[in-house]
1. Using the Karplus curve 6.51 cos²θ - 1.76 cosθ + 1.60 with θ = phi - 60°, work out ³J(HN,Hα) for each residue of the stretch 166-172 in order, rounded to whole Hz, and write x for Gly and Pro.
2. If you filter the stretch 123-217 for GluC sites (Glu not before Pro), then keep DSSP loop positions with at most 16 other Cβ within 10 Å, what is left?
3. Counting other Cβ atoms within 10 Å, keep those with at most 13, restrict to DSSP loop, and tell me which trypsin sites (Lys or Arg not before Pro) in the stretch 134-202 are left.
4. Please tell me the relative contact order of the chain in percent, rounded to the nearest whole number, where contacts are Cα pairs under 8 Å and at least six residues apart.
5. Compute, for residue 151, the solvent-accessible surface of its heavy atoms (probe 1.4 Å) with the complete set of protein chains present, and express it in square angstrom to the nearest 10.
6. Could I have the simple spin-label model distance between residue 159 and residue 37, label points 7 Å from Cα toward Cβ, reported in nm to one decimal?
7. So how exposed is residue 120, as accessible area in Å² (1.4 Å probe, rounded to 10)?
8. What distance in nm lies between label points placed 7 Å from Cα along the C-beta direction at residue 151 and residue 47?
Amino acid sequence: MRTIGYFAMLFLLASAPAGFAKKQKKGDWIPLFNGKDFTNWKVGGNQETFTIKEGAMVANGPVAHAFYDGPVGNHDFKNFEFMVDVKTAPGSNGGVYFHTEYQEKGFPKKGFEVQVNETHGDPIKSGSLYHVKDIGADDIKGLVKDDEYFTEHIIVQDKTVVIKLNGKEVVRWTQPDDWTGGREGAGRVISHGTFAFQGHDPKSTVYYKNPRVKILP
């Protein structure tokens, strides 16, 4: 019986998809989206805002959010690195939430938003830790632009948040001991939770592609 079990194990490993073992190693990047459907993701109201096109989640429509609801980390992350490739149509607004939780409608009250916006009228631009540490157009000039994918990289370790655009650090913020959420309210505190992508308005079109996470100790 032990011999049969051994060979069965070898067969399973040999027949596993390429990269299976690598993806299971602690500290590796783990993909969160299959590029085909909304498996492991949950959209509340205005579900029609989100569609899938060219391997990306595309947000265009009334306010809606797509929350990660899958098995990785039991969709509850504290310390991590998170990366997603983002593309905006001209004049578009979006966002990436972390330490958040599923909410049926409206803008998430829990967690933080990392802004996605190059040319929308909102002066708070891509890479901002929204209404916590905001950056403007001059800070991202020549770094990202509409109609081209760029990488938004979010790192959370203990009380410090680092945000990078295309590998360049644009925000570093450490939550003060007396922080109570700032102008966004009590939910904007470093804690734990899932990720979410924002559909901001019918005039905005934002692509979210290849979301992946690396869980940190």
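1. 6, x, 9, 5, 10, 9, 9
2. On the way: sites: 148, 152, 169, 184; in loops: 148.
When the GluC sites (Glu not before Pro) of the stretch 123-217 are filtered for loop state and at most 16 Cβ neighbours within 10 Å, 148 remain.
3. Details: sites: 141, 145, 159, 164, 168, 172, 183, 188; in loops: 141, 145, 159, 188.
Those that pass, being in a loop and sparsely packed, are 141, 159.
4. Values: 523 pairs, mean separation 66.6, N = 217.
With pairs under 8 Å counted, the relative contact order is 31 percent.
5. 30 Å²
6. My value for the distance between the label points is 4.5 nm.
7. 50 Å²
8. Taking the two extended label points, one gets 3.4 nm.
The values are calculated or read from the model by the stated rules, or taken from the named source; none is laboratory data. A quick note: this is a predicted structure, and the numbers were derived from the prediction, not measured. Using ideal geometry, Cβ is built from the backbone for each residue, glycine included, and neighbour counts are taken over all protein chains shown. Surface areas here come from the heavy atoms of the whole protein model, side chains and all, with no ligands, DNA or RNA. Shrake-Rupley method; radii C 1.70, N 1.55, O 1.52, S 1.80 Å.
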